[in-house]
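The values are calculated or read from the model by the stated rules, or taken from the named source; none is laboratory data. Here the structure is a predicted model, which means the values were calculated and not measured. Neighbour counts are summed over all protein chains in view; Cβ atoms, including those assigned to glycine, are modelled from backbone coordinates with ideal geometry. To get the accessible areas, we keep the full protein, side chains included, count just its heavy atoms, and leave off ligands, DNA and RNA. Shrake-Rupley method; radii C 1.70, N 1.55, O 1.52, S 1.80 Å.
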Amino acid sequence: MSKKFLKTTLFLTLFVVSTLSFYNCKTTNSLVKEVINPNPPEDATILIAPELDFPEVQTAVNEEDKGDDQTQPQSQPAEQNYKYIFLRLYNPIYKSKLYAANILKNGLVLTKTEDVPDLSHSAINFTLDDNFYGLTLGGEHQFAQEQCSAAAQNKYMRHCNPDLSEQITYALKVPEDEYYSAKNMIEFYAATPKLKYASTLNVKLGVFSLRKRFFSPKKHRKFTTQKYPLGAKNKIVKSEDEYLYRFVCSSFLAYVLYNNVSSVREFFDKYDIKYDYLNVTDLSLIPGMTPLFYSTWTDYPEAAKNFVEEYPEFAEYLPQAISKTDNQ
């Protein structure tokens with residue numbers, strides 16, 4: 001009996017067990033209350049971060065420009081501009097417990113090694129409007145817009161209950177040129193049907209997560225200490241001809257950040273982190289990834305508006321909120 005077969009069998013067995021274990025796990029809402037605001041009302045459906053603390057933005061360093069000088073990048077000069085890339089991480093509550101994605105979600109909960117919310121899907125945007133892009137299975141364009149407030153219109157989100165499903169919106173502060181570089185890459189992928197959700201990669205990620213959670217020494221279970229399979233590597237793409245097209249939602253976003261944001265690439269390289277093996281909660285552990293607000297899917301538009309009112313420096317990322325305020 002081959003080792004590959006044994007690994008797959010073990011993965012499937014533990015995955016079934018995970019569906020029975022999910023309800024014993026800490027809920028996303030309770031963890032969000034600890035991260036966003038420790039003392040909100042129990043029935044709160046919107047939580048705004050009481051304060052934001054972004055680290056210093058760093059200048060990009062091109063490999064060809066390093067020469068013999070291998071010093072670390074310097075802090076971003078004050079006169080240089082910066083912007084924010086936004087990630088929306090989801091805790092979807094599926095209408096059917098037997099839906100395939102719900103089984104995957106329960107497996108992710110079982111194999112967590114960090115005290116983070118139970119999150120199982122991710123999307124990216126460059127504004128705070130309700131039009132994030134996420135990679136899911138099904139349809140010609142599998143990398144598509146996702147509106148929390150119009151879940152029924154999305155092939156993936158329509159399987160979820162928007163009144164119960166939750167999201168946390170994060171921001172990563174980056175130099176302006178890196179913001180536009182990442183934005184251009186996302187727009188390219190959004191326009192092509194070539195990008196596909198590779199469901200078979202979930203098996204690879206699942207086996208890795210199970211091994212890390214249950215069969216690795218404790219010192220190798222955390223995000224920056226885990227050991228990856230031989231042959232795992234990150235690819236730096238320098239042109240559209242080199243772009244890759246098979247990912248799961250979290251590994252795709254990690255790939256985009258690795259190829260466009262210097263601080264993310266330096267962090268991954270320092271700790272030998274491989275983007276193919278990143279799950280959704282790992283994205284929240286990237287240095288500088290700062291939680292902004294929490295809400296149910298139904299309440300996302302109101303939550304974004306409330307956040308911008310609390311932090312007007314983000315108003316440019318939600319222009320409709322500005323116009324409504326000005327008209328009052």
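Any residue that is under 23 Å from Met289 (Cβ atoms), in a loop (DSSP other than H, G, I, E, B) and aromatic (Phe, Trp, Tyr) - is there at least one of those in the range 141-151?
Within the range 141-151, none of the residues are under 23 Å from Met289 (Cβ atoms), in a loop (DSSP other than H, G, I, E, B) and aromatic (Phe, Trp, Tyr).
Filter the range 281-316 for residues that are of a type outside the set (A, V, I, L, M, F, W, C), modelled with pLDDT of 95 or more, under 30 Å from Phe247 (Cα atoms) and part of a helix (DSSP H, G or I) and give the result.
Scanning the range 281-316 gives Tyr300, Pro301.
Given the options Leu89, Leu110, Leu128, name the one that is at pLDDT below 90 and of a type in the set (A, V, I, L, M, F, W, C).
On inspection, the qualifying residue turns out to be Leu110.
Only one of (1) out of contact with any helix residue (DSSP H, G or I) (no Cβ under 8 Å at 6 or more places or on another chain); (2) at pLDDT 95 or above fails for Pro319. Which number is that?
(2)
Out of the residues in the range 116-166 that are among the hydrophobic types (A, V, I, L, M, F, W, C) and free of Cβ contacts under 8 Å to residues at least 40 places away in the same chain, state the one that is farthest from Ser199 (Cα to Cα).
Here the answer is Ala150.
Of the residues that make up the range 157-169, is at least one more than 22 Å from Ala304 (Cα to Cα), of a type in the set (D, E, K, R), modelled with pLDDT under 95 and surrounded by fewer than 20 Cβ atoms within 10 Å (Cβ to Cβ)? Spell out the reasoning first.
First, pick out the residues of the range 157-169 that are more than 22 Å from Ala304 (Cα to Cα): 159.
Imposing the further condition that a residue be of a type in the set (D, E, K, R) reduces the set to none.
Within the range 157-169, none of the residues are more than 22 Å from Ala304 (Cα to Cα), of a type in the set (D, E, K, R), modelled with pLDDT under 95 and surrounded by fewer than 20 Cβ atoms within 10 Å (Cβ to Cβ).
Keeping to the range 226-258, report how many residues are assigned to a helix (DSSP H, G or I) and either farther than 18 Å from Glu187 by Cα or open to solvent by less than 20 Å² (accessible area, probe 1.4 Å) (or both).
Number satisfying all stated conditions: 10.
Would it be correct to say that Tyr275 is more than 23 Å from Ser149 (Cα to Cα) and open to solvent by less than 20 Å² (accessible area, probe 1.4 Å)? It would help to see each step written out before you state the result.
Working: more than 23 Å from Ser149 (Cα to Cα): yes; open to solvent by less than 20 Å² (accessible area, probe 1.4 Å): yes.
It is true that Tyr275 is more than 23 Å from Ser149 (Cα to Cα) and open to solvent by less than 20 Å² (accessible area, probe 1.4 Å).
Here are Leu195, Leu205: which of them is over 21 Å from Ala303 (Cα atoms), open to solvent by less than 50 Å² (accessible area, probe 1.4 Å) and modelled with pLDDT under 95?
The match here is Leu205.
Can you find, within the range 299-318, the residue that is surrounded by the most Cβ atoms within 10 Å (Cβ to Cβ) among those that are among the aliphatic types (A, V, I, L, M) and within 16 Å of Asn131 (Cβ to Cβ)?
Here the answer is Ala304.
Scan the range 261-280 and give yes if some residue there is under 22 Å from Ile168 (Cα atoms), assigned to a strand (DSSP E or B) and in contact (Cβ under 8 Å) with a residue 12 or more places away in the chain, otherwise no.
no
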